[in-house]
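Any read-out appearing in this document is the output of simple, stated calculations on the displayed coordinates, not a laboratory observation. No experiment lies behind these values; they were computed from the predicted model shown. Here the Cβ is made from the backbone with ideal geometry for all residues, glycine too, and neighbour counts use every protein chain on show.
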Amino acid sequence: MLEKFVEHKKEILSVIEKTETLSKDDAGAGNNQLAMVREQLITNSFNLVILGQFKRGKTTLINSLIGKEILPSSVVPLTSIVTILKFGKEIRCTIFMEDGSQKKISVEELSCYVTEKENPRNIRGVRCAFIEYPSPSLEKGMLLVDTPGVGSTFLHNTETTYEFLDHLDAALFLMSADVPISQAEKELLDTIKDSTQKIFFVLNKIDNLTAEEIKEISQFNKQVLEEMGFTVHKIWPISAREALKAKIMNNDVQFSQSGLLELADELESFLSSEKGKVVLNTAISRTQRFISRKLSQIAIEKRTLEASSEELEEKLNTFHKLVANLKQDRDDITYLLKGESDKLCLKVENMLKALEEKETPRIKQCLTDFYEKNFGLSPTVLRDEMQKAIKEEIVRGFDVFRKDSELAISNTIQEAFNRFTKRSNDIIQEFKAAAEVLFEVTMDQAEFAVELTKDNSFYYMVQEYTAPTEEEVKSILRTFLPKSLSRKMVFHEMMERVSSDVSRNCGRIRSDLAGRICKTINHYAKQLKDLGSDLTEQIEQAIQKGRERRKAGDESVRIELALLADKTKKLEDHKETLTNIWNAINLIDVKQEQINMVMM
C-alpha cells in the first residue's frame, strides 16, 4: 500500500510540475494554487480540522488527543483564532500576523493571542497560531486544527471558522450529548458537505448520560445527518474531559472508559490507510480544476486569434454587452436587497407595535393585582417592589418576543436570500451559457453562495430602571401625606412607568434589530459585488492575450496558435493522467466493496 501511495504521489507531482511549466508565463494564472497542492503532497501533510458549535469541547478534545493541556480552554466561548498543531521534536509556538510578520512565543503566552478574553475581536491582528509538539498522534503528517465555534456570541469567531474551510482535508465534527444537533451545526455541515471525503462524527460530553440516553441522542443525530445527505457509519461517543484527565494521570482504564481510545484507534487506522487516498484525491481534484480553467482560457484565446477582425469585433461587442448586463443584473439585485431591508424593518416595526399594545396593558394588570394584594406595604417598599415587578414582567414578555422575533426574522432573511441566491446563480449560468456559445468553449461550473451564518441572530437589552432626580423630592413629599394617599401616588407613578419602560425597550429592540438586519443585508450585498467576477476575469485575460498577439502580426498569430494547440494537447493529457490515477486509487476499493457485498 505504501509503495502504491508513493508511486501515485510521484505521478501527481509530475503532472503538477508539467502544468506549472505550461502556464508559468500566463498572467493571473494562479500558479500559487498548484504550489500549495505540491507542498501538501511533498510534506505529506494533512489537515484534520476540528469543527462544531461553540462550547462543544473542541479544544479539550485536541488536548486529550495529544495528551497534554497545551491549548487554553474555558467555560465561556474562548478560542478566537485558528490554531494548528503539527509534529515537532521540540515544542515551538509561532504566531503568524495578518501583516505578514511572525512572532516566536512560549506556549504559556499562547492565550494572549488565540483567546477571546485576551485578544478580543482579534485586536492584535493574528492570522493563525502554529504549534510544533512531539506527539505520536501527529508524527504521521497529520495537522490538528482547532477552530473557533460557530454560532457563538462573537460573530467574528464564526467568520474565522468559515474562512478556514477551504483548507480542510478531513473533518472531525463535534456534537454535544446534552443537546440535539442545532441549526448552526446543520448550516456548517451543509457548507463542508462537498469539501471533504471524510468526516468523523463525534458525540462529546457523555459523562452524565446512561447508555440508553447516549444511544437515543446518537440515533436522533444520525437520523438528522442522514436526512441531510450524509452517510453515517458511526457516531463516536466520548468524554473529552475525562479522557484528558486520564491522559494526564496516565490512567489507561479511565482513558478507555472515556470512549476516546476507540476514536483514537480509528484515527490511527485512517492515517495508516485512508489518509493517503484522501491526500491524493484532494490533490487530483484541485489540479484538475486548475487545468480545466486553463483549457477554457486557451480555447477563448484561440477563438480570438482565429476570428476575422469583423467577427472578433462583433464577439467583443457581444461580450461587453453580456458583462454590462451582468453588472446591471447585479445592481438590480442590490437595489432589490435594499427594498428587502426596508420591508424587514417595517415588519419589525409592526411586530413591536403589536408587542407594545399587548405588553403595556398586561404589565399594568399585573401591577394592579400586586397593588391590591399588598395593601400592607409602606409606600417606599411598595415602590421598590413594584419597580422590581415591572422589570421582571418586561423581561418575561420581551424574552418570549426575542425568541419569536429571532425565528421570524431569521426565516424571512433566509427565504429572501434563497430567492436572491437562486436568481444570482441563474444570472451566472445565463452569462456562462452565453459566453460558451459566443466563444464556442466549455467552462467550469460557476456558483454564487453566501454563508448566512455570518450574522443571523438577534438579541435585545432590557434597560435598567434609573430613578429620576425628582423622585427624591417626591419621596420626601410622600412622608407628609397619609399612607393611603402616598400608596396611590406610588401606584399611579408606576403605572405611568410601565408605558415609558415598555416603549423605551421597544425602541432599543427596534434600533438593534434594524442595525442587525442592515448589517446582514449589507454583508450579502458586498458578496454580490463579486458576482461573476472570476468568470469575466478568466475570459478577459484570454481575450487580452489574443488581441496582443494579433497586434504582433500574422506570423506571431500562427506561432501562437501552434503553441496553444500543443499546450491544449498536453493539458488534456495531464487531465486524463490524473483521471487514470484517480481510478487506480478509488476503483479498487469500489470493486472490493462489491465483492464483499456479494459474499455477504
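Descriptive notes on the structure:
- Sparsely packed GluC sites (Glu not before Pro) within the range 88-121, loop by DSSP, other Cβ within 10 Å at most 13: E90, E98
- Relative to one another, the C-alpha centroids of the range 172-242 and the range 381-395 are positioned 44 Å apart.
- Neighbour counts of C-beta atoms inside 10 Å place I509, I235 in the sequence I235, I509, starting with the fewest.
- 12 Å beta-carbon shell around K247, net charge (K/R +1, D/E -1): 0
- Cross-link reach list, lysines versus K343, counting only Cα pairs under 16 Å and skipping chain neighbours closer than eight places: K353, K519
- Full extension of the segment from T318 to N411, taken as 0.36 nm per residue of separation minus the current Cα-Cα distance, would add 29.5 nm.
- With 29 Å as the limit, the listed pairs K24/K526; K117/K186; K18/K275; K140/K247; K55/K89; K58/K338 have K24/K526; K55/K89; K58/K338 beyond it between alpha carbons.
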